[in-house]
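Okay, structure first, notes after.
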Amino acid sequence: MQYLDERIKEEASYIIEHRSTVREAAQVLHVGKSTLHKDVTVRLRCIHPILYREVRAILNVNKAERHIRGGKATHDKYAALRGESIDPEK
């Protein structure tokens, strides 16, 4: 159990420190995104409620912004197919 608690706290700390998405954190920490999501939304709530609230706030922002990131990714994909340069400012 101690290993699990430490892993969950590490995942939460990473998300808070880098304001990352679940996918980004899972890739860096070498954990499945479903596992990480369950860790920080279900298990973390029981073992560290303060960290849970901080992570939850970041995940809520990510959820609210995901349609924007998805639209930008699609735009960039088709711009690359047309051979246009991708402007990182847009």
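The values are calculated or read from the model by the stated rules, or taken from the named source; none is laboratory data. It should be emphasised that the depicted structure is a prediction, and the values quoted were computed from it without experimental measurement. Here the Cβ is made from the backbone with ideal geometry for all residues, glycine too, and neighbour counts use every protein chain on show. Remember, those area values only see protein heavy atoms, side chains included, never the ligands or the DNA or RNA. Shrake-Rupley method; radii C 1.70, N 1.55, O 1.52, S 1.80 Å.
Has the stretch 3-14 got at least one residue that is surrounded by fewer than 16 Cβ atoms within 10 Å (Cβ to Cβ), in contact (Cβ under 8 Å) with a residue 12 or more places away in the chain and touching a helix residue (DSSP H, G or I) at 6+ places or on another chain (Cβ under 6 Å)? Yes, the stretch 3-14 contains at least one residue that is surrounded by fewer than 16 Cβ atoms within 10 Å (Cβ to Cβ), in contact (Cβ under 8 Å) with a residue 12 or more places away in the chain and touching a helix residue (DSSP H, G or I) at 6+ places or on another chain (Cβ under 6 Å).
If you take the residues of the stretch 27-42 that are farther than 13 Å from Ile8 by Cβ and not polar (S, T, N, Q), which of them is nearest to the chain's Cα centre (by Cα)?
So in the stretch 27-42, the residues farther than 13 Å from Ile8 by Cβ come out as 27-28, 30, 32-34.
The next check asks that each one be not polar (S, T, N, Q); those that pass are 28, 30, 32-33.
On the way: Val28: 10, His30: 13, Gly32: 12, Lys33: 9 Å.
Among them, the one singled out is Lys33.
Applying a threshold of 7 Å to beta carbon distances and a minimum spacing of six or more residues, or different chains, the list of pairs starting in the stretch 50-74 at a residue that is surrounded by 10 or more Cβ atoms within 10 Å (Cβ to Cβ) and ending at one that is of a type outside the set (A, V, I, L, M, F, W, C) reads Leu51/Lys9; Tyr52/Arg45; Ile58/Arg19; Asn62/Thr21.
The residues in the stretch 26-47 that are outside any helix (DSSP H, G or I) and open to solvent by less than 60 Å² (accessible area, probe 1.4 Å) can be counted, and the count is 2. Here is the figure for the stretch 75-90: residues that are assigned to a helix (DSSP H, G or I) and either touching a Ser or Thr at 6+ places or on another chain (Cβ under 7 Å) or open to solvent by 100 Å² or more (accessible area, probe 1.4 Å) (or both) total 4.
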